[in-house]
Number of protein chains: 2
Amino acid sequence: MSEYTSEELTEALRAINSIISKCEKAQEKFPEGNTHHTLLKNRLKAMYISKVLITDAISRNNN
Amino acid sequence: MSEYTSEELTEALRAINSIISKCEKAQEKFPEGNTHHTLLKNRLKAMYISKVLITDAISRNNN
């Protein structure tokens with residue numbers, strides 16, 4: 001059982017999906033190697049990892 | 001053992017701390033109840049949860 005409720009985790013997942021979508025759109029505007037592109041790439045990687053960890057925590061809450 | 005290496009998780013933590021710092025600064029510019037303030041509040045909550053879950057995953061990797 002995580003220290004967060006499934007509702008809190010589901011809300012967090014929604015916020016993260018929204019950030020991912022915005023970062024992906026923003027990333028398209030900059031060429032690879034550009035500092036903005038790299039910053040967004042690092043942020044997106046962090047968001048993808050967060051998404052997996054939150055999804056895992058939701059599964060643990062449901063088991 | 002998490003599916004991510006401690007290095008990947010530490011990098012993700014760095015990106016999340018940077019997002020938190022930017023969102024906190026941005027939030028100060030909008031009054032409570034303002035839609036931007038609320039959006040940032042939801043994002044910050046998601047980032048705080050992500051931070052805890054990533055920190056937990058790093059501890060699991062180290063044990």
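The values are calculated or read from the model by the stated rules, or taken from the named source; none is laboratory data. Bear in mind the structure is a predicted one, so any value in this text is a computation, not a measurement. Please note: Cβ atoms are built from the backbone with ideal geometry, for glycine as well, and neighbour counts cover all protein chains shown. SASA here: full protein model, heavy atoms, side chains in, ligands and nucleic acids out. Shrake-Rupley method; radii C 1.70, N 1.55, O 1.52, S 1.80 Å.
Modelled spin-label separation between A:Lys29 and B:Ser6, with each label point placed 7 Å from Cα along the Cα-to-Cβ direction: 3.9 nm.
Would you please classify the overall shape of the range B:1-48 from the alpha carbon gyration tensor, given that a ≥ b ≥ c denote the square roots of the eigenvalues, rounded means a/c under 1.5, and beyond that prolate means a/b larger than b/c while oblate covers the rest? Because a/c hits 1.5 or more and a/b exceeds b/c, the range B:1-48 counts as prolate.
Computed per residue of chain A from DSSP H runs no shorter than four, each worth -39500 (n - 2.57), the mean residue ellipticity at 222 nm is -28000 deg cm²/dmol. Across peptide A:32-43, the mean count of Cβ atoms from other chains lying within 10 Å of each residue's own Cβ comes to 1. Mean partner shielding of peptide A:47-55, defined as the number of other chain Cβ atoms within 10 Å of each residue Cβ, is 6.
Taking every protein chain into account, the accessible area of the range B:6-62 amounts to 58 square angstrom per residue (probe 1.4 Å). The GNM of chain B, with springs linking C-alpha atoms under 10 angstrom apart, assigns the highest mean-square fluctuation among B:Leu40, B:Leu13, B:Leu53 to B:Leu53.
Principal-axis analysis of the Cα atoms of chain A puts helix A:35-62 at an angle of about 10° to the longest axis.
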